[in-house]
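So the structure is just underneath, and the comments pick up after that.
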Amino acid sequence: MSADFSIDALPPIPRPGRVLLTSPDHFRVEYVINPHMAGNVGDVDPSIARRQWDALKDTYERLGMEVNVLAGIPDLPDMVFCANQSLPYQTPGGELGVVLSRMHAAQRKPEVEHYERFFGSVGYEVQGLDPDLPGDFEGMGDAIWHPGRYLLWGGYGYRTDRQVYERFAEKLGFPVIALELTDPDFYHLDTCLCPIDEETALYYPGAFTDEGIAAIKAHFRRTIEAPEDDARERFACNAHSPDGEHVLIQAGSATTNDLLRAGGYEPVELDTSEFLKSGGSVFCMKLMYW
Ligand SMILES: NC(=O)NCCC[C@H](N)C(=O)O
């Protein structure tokens, strides 16, 4: 897991063009497994959640992405956060596959088989973590591809254990830059690091160690720092840029949006307030695949 390389020397990988969403029919806050859920049990308004999710879906369609929807399942109230159950990949040789998660929270473990079935149905090579390997892994909640390159950013500390990255990085032949997460409000890497394009990342430095910040700055030529209130209260770094131009982001992150505009990007504000009650926003409500 060496970080001693230049991005330009890594094999290029196309941006994924397909978006998987999971319908919010059964989305609720029913238990507390992250600090954002505390005080919100039973507090989701399903009709507002549906409208917010529809707006997210419409936005991806308007941007020309192919959107596929997996039906939510009763009694799996967090399944709508479909970034977490797997890590889809495309190798430099063009092979398509997916690594299934081993969810940290017992309540979320039964979600994974539904994504296993989905990826089997679209012809992906499906693999789990080796049974002898200890530790958990929460998919694209913690494991995020560097845009356009065969390089993985791997968050660890709350939901994912560092050693899981070594094994599948070795098998699939990509480098991993592991980043320790240090603040429980930012329990997944996707809550504090948002790679926008090959050169640029939006991030919240307060969620990382000094070593982590140095690694982010060393491998992105440009970094945009979200202020604490946008990052902590509005999940501004849980944004997503599907095309390196538009940045889908929770509405109201005014400072972050100004910084994005100054960098030449177009923020697309979406209200995900019902999902924030569960500790999630745009990035974790979708899964990109090829
Ligand atoms: N940050 C993400 O990638 N996902 C949000 C997951 C929210 C869910 N309530 C959880 O705590 O697992």
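None of the figures in this text is laboratory data; all of them are computed from the coordinates on show. What you see is a predicted model, and the numbers here were worked out from it, not measured in a lab. Every residue, glycine as well, gets a Cβ built from its backbone with ideal geometry; the counts of neighbours run over all protein chains shown.
Once you put a point 7 Å from the Cα of Asn68 and another 7 Å from the Cα of Glu228, both along the Cβ direction, what distance in nm separates them?
4.3 nm
Could you work out the local net charge near Asp25, counting Lys and Arg as +1, Asp and Glu as -1, over the other residues with Cβ closer than 15 Å to its Cβ?
-3
Can you tally the net charge around Val98? Count Lys and Arg as +1, Asp and Glu as -1, for every other residue whose Cβ sits under 12 Å from the Cβ of Val98.
-2
What nm value, rounded to one decimal, do you get for the distance between Asp75 and Asp210 when each label is placed 7 Å out toward the C-beta?
Placing both labels 7 Å beyond Cα along the Cβ direction yields 5.0 nm.
Please check: in the Gaussian network model of the chain (C-alpha springs, under 10 Å), which one of Gly279, Gly173, Gly148 has the largest mean-square fluctuation.
Comparing Gly279, Gly173, Gly148 in a Gaussian network model of the chain, the most mobile one is Gly173.
Which lysines have a Cα lying under 16 Å from the Cα of Lys286, excluding residues fewer than 8 positions away in the same chain?
Those lysines meeting the cut-off are Lys57.
Rank Asn238, Trp153, Leu87 by how far each Cα sits towards the positive end of the charge dipole of the chain (+1 on Lys, Arg Cβ; -1 on Asp, Glu Cβ) and give me just the farthest.
Projecting each Cα onto the dipole axis, the largest value belongs to Leu87.
What FRET efficiency comes out for the pair Asp45/Thr255, r = Cβ-Cβ distance, R0 = 25 Å, nearest 0.05? Intermediate values should be presented prior to the final figure.
On the way: r = 28 Å, r/R0 = 1.12.
So, using R0 = 25 Å, E works out to roughly 0.35.
Full extension from Gln127 to Ala106: what is 0.36 nm times the residue separation minus their Cα-Cα distance, to one decimal in nm?
That pair, Gln127 and Ala106, stretches by 5.5 nm at full extension.
Report the gain in length on full extension from Thr91 to Asp243: 0.36 nm times residue separation, minus Cα-Cα distance, nm rounded to one decimal.
52.8 nm
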